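Single-structure report; data block below.
The values are calculated or read from the model by the stated rules, or taken from the named source; none is laboratory data. Remember, it's a predicted structure, so these values are computed and weren't measured experimentally. Note that we place each Cβ from the backbone using ideal geometry, even for glycine, and neighbour counts take in every protein chain shown. Areas reflect the complete protein model, heavy atoms only, side chains present, ligands, DNA and RNA absent. Shrake-Rupley method; radii C 1.70, N 1.55, O 1.52, S 1.80 Å.
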Amino acid sequence: MSPNSDSIFTQELSRRTALKALFGAASAAVLFGLPARAHAAEASQETTDKLNAAQAKLDEVQAQLDSIANEYAALANKNAQTLNDIEGVQGQIDDTQEQIDTKKSELKKKRNELSDRVAASYKSGGTNILSLLLASGSFEELVANAHYVEKINKSDRDAIEDIQTIQQELDTQKSELESQKADLEKLKDQQTAQMRDMQAKQQEVQTVLNGLSDDVKELMAQRDSEILAAAQAEEAAKKAAAAAAAANKNNSYSGGSSSGGGSYAPGTPQQNAGSGKQQAVVNACYSTPSPGQNWCAAWVTNVFRNAGVGYFGGNACDMFNAWCYSSDRSALQVGMIVADSSHSGTGMPGLIYGHVGIYVGGGIVMSNEGAITSRSLDSFIGFYGTGSGVRWGWLGGIALS
């Protein structure tokens with residue numbers, strides 16, 4: 001789940017570099033309910049206190065960085081909306097200008113028509129209108145013709161006034177839209193400046209976070225070293241006590257037979273491996289403590305180092321890609337690593353780094369899930385095989401059988 005490497009945080013969340021961005025949150029996250037580590041081996045109180053203090057500071061700065069990132073994202077969304085609003089207002093301005101141009105054209109045409117009619121009437125000495133009135137056959141017809149002439153003149157005047165009124169309204173509307181656009185442009189500039197300031201602040205906090213992450217990694221390495229040394233000392237003491245007990249038993253035992261039901265106690269190997277190296281790996285699985293939450297690949301590395309096989313670094317994804325070549329159950333052997341490169345069951349760390357365990361025989365896979373757990377192969381595949389799928393192979397390409 002977590003890497004066993006020296007990758008550092010950058011802005012690009014690649015599989016290698018995402019650890020730093022997730023470090024603060026992932027270190028505090030609980031994948032699922034797991035018991036506390038059963039081993040008595042512990043690091044020194046001084047190292048533990050320093051690590052807890054450094055981790056707390058890391059979490060604090062990570063929370064600050066997350067807050068800045070969330071604020072930046074919210075501001076970026078507002079800025080995007082402002083740009084959309086500016087674009088929308090500009091579209092209204094363009095539409096209004098088009099209507100203004102149309103009304104100007106109509107007004108010009110109407111004025112030209114009225115001017116042409118007045119000029120024609122003037123050139124004819126007004127005889128057209130006078131002739132119309134004199135040609136009236138009765139008083140009633142004269143009144144009707146006079147009303148008709150007045151109605152034509154009023155219609156022209158009203159049309160011109162209507163066009164002028166609409167044009168004035170459109171001019172006012174355009175001025176209001178241009179004022180609105182200017183306000184939006186000012187808001188956009190303010191938001192852009194805020195975003196630049198937040199980016200600078202984000203970089204400052206990121207620099208602090210990178211340094212704290214390195215401090216935490218160093219203290220974790222120191223803690224793991226102390227835990228391993230304590231565990232080895234405990235194991236040596238247990239072996240010495242067991243040897244002494246066996247010697248006493250041989251001296252006092254008078255015969256008889258022992259019975260066995262085939263069961264095994266927790267913390268002891270379930271199945272005798274086929275070779276010395278396989279058995280050494282199985283024994284190391286039961287004696288190697290958890291290096292901590294999300295450090296599944298570090299635990300596998302420690303197991304193989306404690307078993308005398310060799311040192312193999314990298315995260316679960318690295319181990320999967322390099323050494324896990326088969327999903328054929330008939331090819332699965334004791335001492336093989338069982339891994340995936342990405343799964344959704346444990347959140348972001350699992351999606352980026354996957355998970356890795358060791359097959360100890362009897363259909364059981366042991367792995368570090370915050371504490372050292374034993375799962376059936378079916379259960380392991382069912383939980384961790386939701387993404388890339390689960391495969392197995394010899395770590396480092398070294399066949400132990």
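Extension gain Gln173-Ala159, at 0.36 nm per residue separation less the Cα-Cα distance, in nm?
On the way: separation 14, 0.36 × 14 = 5.04 nm, distance 2.12 nm.
Full-extension gain reported as 2.9 nm.
Take the Cβ-Cβ distance between Asp94 and Glu71 as r, set R0 to 35 Å, and report the resulting FRET efficiency rounded to the nearest 0.05. Working shown, then result.
Numbers: r = 35 Å, r/R0 = 1.00.
After rounding to 0.05, the efficiency reads 0.50.
Determine, from the Cβ-Cβ distance of Glu42 and Thr207 and an R0 of 41 Å, the FRET efficiency 1/(1 + (r/R0)^6), rounded to the nearest 0.05.
Numbers: r = 33 Å, r/R0 = 0.81.
After rounding, the FRET efficiency stands at 0.80.
Using only protein heavy atoms and a 1.4 Å probe, report how much of Lys238 is accessible, in Å² to the nearest 10.
My reading of the accessible area for Lys238 is about 130 Å².
How do 348-360, 77-89, 380-392, 287-299 rank on mean C-beta neighbours within 10 Å, highest first?
Values: 348-360: 26.5, 77-89: 14.2, 380-392: 19.9, 287-299: 24.2.
Answer by packing, highest mean first, reads 348-360, 287-299, 380-392, 77-89.
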